[in-house]
1. For the condition farther than 30 Å from A:VAL49 by Cβ and modelled with pLDDT of 95 or more, what is the one hit in B:VAL56, B:VAL75?
2. Name the single residue that is nearest to ligand 2 (Cβ to nearest atom) among those in the stretch B:176-190 being of a type in the set (S, T, N, Q) and surrounded by fewer than 24 Cβ atoms within 10 Å (Cβ to Cβ).
3. Identify the single condition in (1) surrounded by 14 or more Cβ atoms within 10 Å (Cβ to Cβ); (2) of a type outside the set (Ser, Thr, Tyr); (3) touching an Asp or Glu at 6+ places or on another chain (Cβ under 6 Å) that B:LYS580 does not satisfy, given that it satisfies every other one.
4. What number goes with the only condition from (1) within 16 Å of ligand 1 (Cβ to nearest atom); (2) modelled with pLDDT under 95 that A:MET1 does not pass?
5. Where residues in the stretch A:126-152 are in contact with a Ser or Thr (Cβ under 7 Å, 6 or more places away or on another chain) and part of a helix (DSSP H, G or I), which of them is farthest from ligand 2 (Cβ to nearest atom)?
6. Exactly one of (1) touching a residue at least 40 places away in the same chain (Cβ under 8 Å); (2) within 16 Å of ligand 2 (Cβ to nearest atom) is unmet by A:ASP4. Its number?
7. Please find, among B:GLU424, B:GLU432, B:GLU450, B:GLU486, the residue that is within 30 Å of B:GLY579 (Cα to Cα) and surrounded by fewer than 24 Cβ atoms within 10 Å (Cβ to Cβ).
8. When the residues of the stretch B:665-680 are narrowed to those that are touching a helix residue (DSSP H, G or I) at 6+ places or on another chain (Cβ under 8 Å) and more than 14 Å from A:CYS148 (Cβ to Cβ), which ends up farthest from ligand 2 (Cβ to nearest atom)?
Amino acid sequence: MNTDLMVNGQAQRLDADPRTTLLDALRNYLHLMGTKKGCDHGQCGACTVLVNGRRINSCLTLACMHDGDEIVTIEGIGGPDDLSALQQAFIAHDGFQCGYCTPGQICSATAMLDEIAAGWASHATKNVASLPGLTVEEISERMSGNLCRCSAYPNIIDAILEVAAGKEQS
Amino acid sequence: MTSHIKMDERVERDRLAEMVQAVIGKPLDRPEGALKVSGAAPYAMDRLPANACHGVLVRATVSNGTLRDMDVDAVQALPGIRAIIADDRLLRNPAQGMAGEAPIQGPKDIAYFGQPIALVVAETFEQARHGAQALKLRFEADGTAIVAPDDPKADIETPEDEQDSTGDLDAAMQTARHTVDAHYTTPGHVSAAMEPHASIAEWNGDRLTLYGSYQMLRFNRAELADALGIEEKQVRILAPYVGGGFGSKLGIGPEAVAAALAAKALGVPVAVAMSRQQVFESVMRRSETDQHIRLAADEQGRLIGIGHEALVSNLPGEEFSEPVTQATPFLYQGDHRVIGHRIARVHRTCAGSVRAPGEAVGLTALEIALDELAAASGIDPVKLRLINIPQKDPSQDIPFSSHMLAEALEEGAKRFDWDRRRSEPGAVRDGEWLIGMGMASAARVNMLIESKARVTLNANGTGTVETDMTDIGTGTYTVLSQIAGEMLGLPMDSVETLLGDTAYPPASGSGGSFGAASNGTAVLLACEEIRQQLCERLDCDMQGLTLKDGHAIVGNRRIALPEILDGSRLVGEGHVEPGKAEETVRQATYGSYFAEVAVNAITGETRLRRMLGVFAAGRILNPKTARSQCLGGMTFGIGMALTEELIHDPRDGHIVNRDFAEYHLPVNADVPQIDVVLLDERDAWANPLQAKGIGELGICGAAASIVNAIYNATGIRIRDLPATLDKIIDGLQSRTD
Ligand code: FES
Ligand code: FES
């Protein structure tokens with residue numbers, strides 16, 4: 001069946017089996033291999049992409065449910081020669097080792113910072129009536145849907161904190 | 001030309017220290033970082049050719065028996081199905097690390113629940129998955145299969161060469177002033193690398209190319225060729241990027257052989273990725289362990305006896321068994337010793353290497369026992385360890401190559417403010433949280449594995465390193481480039497390291513923490529060879545040659561490398577082999593862990609608040625990537641202490657919690673901003689780099705520091721990992737009763 005997607009700013013017509021997940025559509029049909037499959041069950045976050053600006057696990061949703069949606073994958077966030085501030089900070093802080101969870105971590109962190117800026121509360125928010133702070137506790141709570149077996153977690157936090165601090169200043 | 005060394009003795013000369021490029025030992029970023037953070041680094045499944053078919057493995061649903069029949073026709077009639085492969089060459093389980101030959105083959109004889117028995121191939125992944133699920137199987141089950149190591153009917157092997165005893169431990173236990181005599185258990189664990197095992201096979205005539213996710217390509221090539229019944233030279237494996245390994249990708253796996261067979265049968269490339277559940281069920285688990293530990297100490301806490309006897313398990317016929325007691329013979333003093341090792345044969349998923357086989361679980365139990373001895377004797381846990389460090393390997397009576405356990409303990413205690421710890425349990429409270437501090441020693445044997453590498457100094461003055469070594473997140477790309485850059489006087493951006501292709505010289509592979517040292521030595525030797533060739537061109541001796549920033553400096557001349565090379569290139573090969581140094585001295589790495597936990601006095605939940613690791617592993621080639629390896633190891637320790645546990649169904653042994661919702665890896669919020677300190681050390685017995693392995697050191701004993709902190713917080717001693725709240729809450733209640 002046909003589905004019209006806007007992927008990284010480009011209109012794409014997908015002709016795929018209705019059972020195809022958004023993750024498999026991106027990889028096997030649109031050949032965007034940056035988005036990874038770690039579990040196919042919504043349990044690891046490796047497949048995180050942005051759909052209409054919000055982060056989701058692309059393995060947990062069928063491509064055909066996204067007709068007309070805007071999708072941003074890691075390729076849309078920045079290529080090797082055109083890295084976003086977060087991508088650069090991940091390199092500087094060694095926010096990865098094997099790199100397999102990394103596209104998902106970066107997509108997730110990109111949306112997560114917007115969620116904090118929009119004032120969404122989390123389990124770690126002490127006072128939900130106030131704006132959540134850019135603290136280690138807030139960020140590590142909000143990034144806990146993205147597993148990293150290499151465990152770059154402390155470095156991921158440092159990378160995100162650095163970018164968040166830069167954003168606050170500007 | 002090849003430069004070769006066999007490590008028979010100390011290598012006094014520190015070549016890297018004589019160089020002037022100043023890139024070695026610097027915390028440089030990974031050169032492949034930009035590819036990884038942008039999703040452009042190609043892992044196995046990212047190489048999917050447009051015309052590839054997809055294969056999905058089918059599993060056995062009995063734990064022992066025979067596959068009698070499968071309803072092939074019904075599945076073949078489904079849309080898109082191209083083949084059902086049930087070839088006798090399919091693997092029962094992955095090869096063990098460094099096997100170099102195929103493991104047990106044949107899908108008909110079932111040895112464990114989850115064993116791959118067929119591959120359904122279709123045009124799309126969705127079709128193949130459906131076909132695999134629809135395939136009806138008929139098994140003849142052997143209902144008497146033993147699936148639990150504690151089953152009284154289990155066949156228990158006691159290999160003679162793995163038992164060791166000196167002195168009289170029983171008598172020592174009788175006369176000792178302080179003793180510990182207890183059983184500790186650790187459950188099964190999995191590596192859980194984030195990239196599931198995946199292979200794409202493509203034939204060109206009788207030549208096979210496999211894009212795989214593997215750690216040790218030269219062995220994997222031999223294993224794959226052997227499994228298929230072809231020559232090694234017909235096989236090329238590429239694995240330039242590997243999404244984590246931790247032991248799970250040491251040996252060739254069922255998906256690689258299945259993909260190769262299917263691609264041959266169909267004449268198109270075939271991609272097979274295991275599902276996460278299949279990785280849990282049919283890739284190596286770390287054996288559960290039951291460890292009986294006895295400690296006997298005198299009035300001052302000096303150990304006079306140590307007993308460490310382990311029961312582990314594996315499938316019938318598998319050679320590997322978790323070497324639980326690996327560090328016990330040399331870590332602490334004590335004249336009376338018993339080492340025991342028994343293996344229960346069970347029909348469970350194959351047991352194999354998971355990060356730091358042996359010390360990861362063995363040292364953890366030993367270090368909990370040490371904490372019990374500290375509590376029993378009233379001696380501070382740090383001091384207890386300090387006074388029990390032997391002067392030489394007490395079991396073999398040979399010297400240590402280098403030994404910084406004492407420094408690691410002292411440095412850690414200082415940095416962690418250990419002197420603020422209250423030795424009586426339950427003394428510190430923060431609201432409803434009980435606060436405690438714990439510590440443990442770290443130790444891991446050091447190994448060197450035969451390795452080759454080729455380095456080319458190109459006509460334009462850049463360097464290229466080639467080896468079939470892998471970078472599984474360990475930083476290989478970075479450290480090999482640093483070694484070549486240092487030796488050839490090249491800045492990092494003038495060195496390219498090419499890995500993960502069996503077309504390059506065969507390396508050690510990644511495993512056992514030996515990768516960087518073994519393969520880095522081969523690169524150093526290859527560079528020495530090039531330096532020699534440069535000397536010939538410049539008519540100088542090795543002493544008189546300085547290489548820096550792409551120039552050679554000889555006497556008062558400074559010449560750009562392209563000028564010397566004059567359109568040609570220089571090639572050097574390096575080859576290192578282990579030698580007598582392994583027996584002459586005891587080589588190991590050491591460290592210490594310090595942890596502070598908060599245990600909820602009402603729910604029993606444990607939160608890790610602070611953690612510090614101090615490690616000594618010879619020369620640190622890159623403190624940034626080395627630190628990350630330690631963070632990763634310590635986080636495995638957090639999982640081992642608090643959440644990770646394979647659960648087997650007692651009836652058929654199948655793994656009940658075969659996904660990440662049920663097998664709990666530490667997530668970001670479980671891991672505080674861990675501190676890592678790397679001590680400055682050189683080990684001239686290890687290799688010419690004077691570096692030792694660091695990839696596994698961070699897990700060896702880490703869990704004990706957390707469990708010991710729980711004791712300090714609550715007075716509750718956990719001897720059966722993980723320390724989940726159900727085990728703690730009983731103790732909390734009895735304390736308040
Ligand atoms: S692959 Fe989607 S969450 Fe794991
Ligand atoms: S970098 Fe390897 S899993 Fe995160």
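The values are calculated or read from the model by the stated rules, or taken from the named source; none is laboratory data. These numbers come from a predicted model, not from an experiment. All Cβ positions, glycine included, derive from the backbone under ideal geometry; neighbour counts span all protein chains shown. Note: areas computed on protein heavy atoms with side chains; ligands, DNA, RNA excluded. Shrake-Rupley method; radii C 1.70, N 1.55, O 1.52, S 1.80 Å.
1. Details: B:VAL56 fails: farther than 30 Å from A:VAL49 by Cβ.
After applying the criteria, what remains is B:VAL75.
2. Within the stretch B:176-190, the first condition is being of a type in the set (S, T, N, Q), and the residues that meet it are B:179, B:185-186.
With surrounded by fewer than 24 Cβ atoms within 10 Å (Cβ to Cβ) added as a condition, the list becomes B:179, B:185.
Details: B:THR179: 43, B:THR185: 28 Å.
That would be B:THR185.
3. (1)
4. Of the numbered conditions (1) within 16 Å of ligand 1 (Cβ to nearest atom); (2) modelled with pLDDT under 95, the odd one out for A:MET1 is (1).
5. A:GLU138
6. So A:ASP4 meets the others, but not (2).
7. On the way: B:GLU424 fails: within 30 Å of B:GLY579 (Cα to Cα); B:GLU432 fails: within 30 Å of B:GLY579 (Cα to Cα); B:GLU486 fails: surrounded by fewer than 24 Cβ atoms within 10 Å (Cβ to Cβ).
From the options B:GLU424, B:GLU432, B:GLU450, B:GLU486, the qualifying one is B:GLU450.
8. B:LEU679
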